[in-house]
Every structure is written in structure tokens, then in C-alpha cells.
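Enquirer: Here it is: the structure, laid out below.
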Amino acid sequence: MVINLLVEIYDFMTKLGIYKYYEKMLERKLDKKNIPKHIGVIMDGNRRMTKTIGSKSMIGHKIGAKKSLEFVDWCVNLGVKVITLYSFSQENFNRSKEEVDFLMDLFEQEFMATADDSMVHKKKIRIKAIGRVDLLPERVRKAIDYAEERTKDYNNYYVNVAIAYGGQQEIVDAIKDIAYKIKNNELNVEDISVNTISERLYTSHLPHPNPDLIIRTSGEERISNFLTWQSIYSELYFCEVYWPQFRKIDFLRAIRDYQKRKRRYGK
């Protein structure tokens, strides 16, 4: 009931233009020279949000998918070069068959729709799926191929969809590749370095592979196997609101908080 009331109040105030005014005020105060180059987001709370309003969890996933495209638009307009969306972990395959099947249908639809979205082509955004894509149904892989093919020549912005993804598994894949190189006498053990692993990760194609900022919604405060290697010096921002209800105001507050921090990188 409380969340319902807050949503209604937000909608009412949005119609009055109060939140729009606050958004503009927040954005004006941001340091445009200190915008994160890479933002990762753990989009948590789709199911919990819908439970609070007495609906099926599937509705939350649909609203969450729409919010993802909104989020990308906010990031691009602020000048964030790279966005990584944590959409579906390998562990998520353990959910009910009904939910997993629904999500796979949704992923297929969203990759196809995003590939044809005018904003994607106007802003020249490259779309790429990262994770064990081979574990996905063929129809989803075809939709991913379509989105990646249509945007492969773009390099203004990069949107990575972490799907069938696990940070530890990503590192395992990199180590396996190194092991094969050693076995075939293409690499010496002594030559292995941090860069040797980094250049074999799913994010190695990016101009900024490591996220400056990771946002997690829903109030949970953990990384959950997301960009495990790349996040060693990421700033973490935890937000109480569920992902489908994440507003531009929440996004701008996260950026404001990031800009207040002093990044030391272990120094």
C-alpha cells in the first residue's frame, strides 16, 4: 500500500512538472567533466515490485525491460560511453520454467525491437550480448545476432547486455583460453599477467572495459557475480527503489553521489 501511494504521488507530481524541475536542477549541478565513462547496473526488484501491487511477476519483467531502454537514453544524453545491463545470470536458469520461458520470449522481442529502434541508430549505439550465449534458445541467439549485426559498425556508445552471464564463469572462460594457448605452445606460463586475462574477458572490446560506477536497485547490497574481475575499483551505489520504479531522479542522484567520492585506486 505504501509503495502504491508513493507511485501515485510521483505520477501526480510528474504531471505537475515538479519532478521535471527537480531533474533539471540536479542535472545542472553535475560536473560534466566528471561523468562515469562506464556504468554497470544490476536491475533488481522486478518480481518484488509486482508482488507489492498484487500482480504477476511477469508484469514486472515487462516494465523492467522498458526501463532499460529509458536508462540507456539517460546515460547517452549525459555522455556515458559504455552501459552494461545485468539482465539474466546463469543462476537465473534455475527459476521456474514458466518464468524462464517468459523471459526468453521477452529477450527475443527486446533485442529485435532495440535493433530497429531509431534512437539506437541516431546515437550510433553498438549492442552486444555478453555471457554464455550458447546456453540460450536458438530464437534468442538469432535476435542477438540481428541486433549485433545491425549495430556492429557503431562506436559512439556501447550497450552490453549481460545475459546467461556469470562473472566467475567469465574468468574461467578466460583461463581456459590461456590454458589452450599454453598447451599448444603459443604462450608461456611466465608471460601470464593481469592483461593476459583482461584481454580475454567478454568486455575486452570496449574502450572502457571496467565500470566506474555500478548501480544496484531494490535495496540489496551485493555484486551477485556481476563483472567480478572488472569491478575491483568500481564505485558502488545501492538504491532502495525497485528497478521498474527507478526514475531519472534516482539516476542523477547516483551520478551526484559518484562525483562526491574520491577515487584512489588503492593508492
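Enquirer: Which of the listed residues, 180, 125, 259, is farthest toward the dipole's positive end in the stretch 125-267, when Lys, Arg count +1 and Asp, Glu count -1 at the beta-carbon?
Expert: It is 259.
Enquirer: So the label point goes 7 Å from the Cα of residue 186 along Cα→C-beta, right? Which residues of the stretch 194-208 then have their backbone N under 19 Å from it?
Expert: 194-205
Enquirer: Only Lys, Arg, Asp and Glu count, each charged at its Cβ (+1, +1, -1, -1), so figure out the dipole size of the stretch 226-267 about its Cα centre, rounded to 20 debye.
Expert: 340
Enquirer: Give me the accessible area per residue for the stretch 84-209, probe 1.4 Å, as a whole number in Å².
Expert: Heavy-atom SASA per residue in the stretch 84-209 reads 53 Å².
Enquirer: Let me ask you something else. In whole angstrom, and with the biggest value first, how far do the Cα coordinates of the stretch 170-242 range along each principal axis?
Expert: 51, 21, 19
Enquirer: At 0.692 mPa s and 37 °C, plugging the Kirkwood radius over alpha-carbon pairs of the stretch 102-190 into Stokes-Einstein gives what diffusion coefficient in µm²/s?
Expert: So the translational diffusion coefficient is about 224 µm²/s.
Enquirer: Rounded to the nearest whole Å³, what is the per residue volume of the convex hull around the Cα atoms of the chain?
Expert: Value for the chain: 147 Å³ per residue.
Enquirer: Quick one: which of 123/176; 66/267; 24/123; 66/181; 29/152; 176/248 span more than 31 angstrom between C-alpha atoms?
Expert: Among 123/176; 66/267; 24/123; 66/181; 29/152; 176/248, the Cα-Cα distance tops 31 Å for 123/176; 66/267; 66/181; 29/152; 176/248.
Enquirer: If the reach is capped at under 16 angstrom between alpha carbons, list the lysines near residue 33, excluding any in the same chain fewer than eight residues apart.
Expert: Within the straight-line cut-off, residue 33 pairs with 81, 260, 262.
Enquirer: If you plug each phi of the stretch 205-221 into the Karplus form 6.51 cos²θ - 1.76 cosθ + 1.60 with θ = phi - 60°, what whole-Hz ³J(HN,Hα) values come out, in order, with x for Gly and Pro?
Expert: Ordered by residue, 3J(HN,Hα) equals 7, 7, x, 9, x, 9, x, 6, 9, 10, 9, 10, 8, 5, x, 6, 10 Hz.
Enquirer: At a 1.4 Å probe, what is the % contribution of carbon and sulfur to the accessible area of the chain?
Expert: Carbon and sulfur: 50 percent of the exposed surface of the chain.
Enquirer: Assigning unit charges at the beta carbon (Lys, Arg +1; Asp, Glu -1) and nothing else, what dipole magnitude in debye, to the nearest 20, does the chain show about its Cα centre?
Expert: Magnitude of the dipole: close to 1140 debye.
Enquirer: Moving on to the next point. What 222 nm value per residue comes from the helices of the chain, counting each DSSP H run with n ≥ 4 as -39,500 (n - 2.57) and dividing by all residues, nearest 500 deg cm²/dmol?
Expert: Taken over the chain, the calculation gives -15500 deg cm²/dmol.
Enquirer: When the dipole is taken about the Cα centre of the stretch 86-232, and only Lys, Arg (+1) and Asp, Glu (-1) are charged at their Cβ, what size is it in debye, to the nearest 20?
Expert: 260
Enquirer: Given contacts defined as C-alpha pairs under 8 Å and at least six residues apart, what's the relative contact order of the stretch 133-239, whole-number percent?
Expert: Result for the stretch 133-239 is 26 percent.
The values are calculated or read from the model by the stated rules, or taken from the named source; none is laboratory data. All values reported here derive from a predicted model rather than from experimental measurement. Every residue, glycine among them, receives a Cβ derived from its backbone with ideal geometry; neighbour counts consider all protein chains shown. Just the protein is used for accessible areas: all its heavy atoms, side chains included, with ligands, DNA and RNA removed. Shrake-Rupley method; radii C 1.70, N 1.55, O 1.52, S 1.80 Å.
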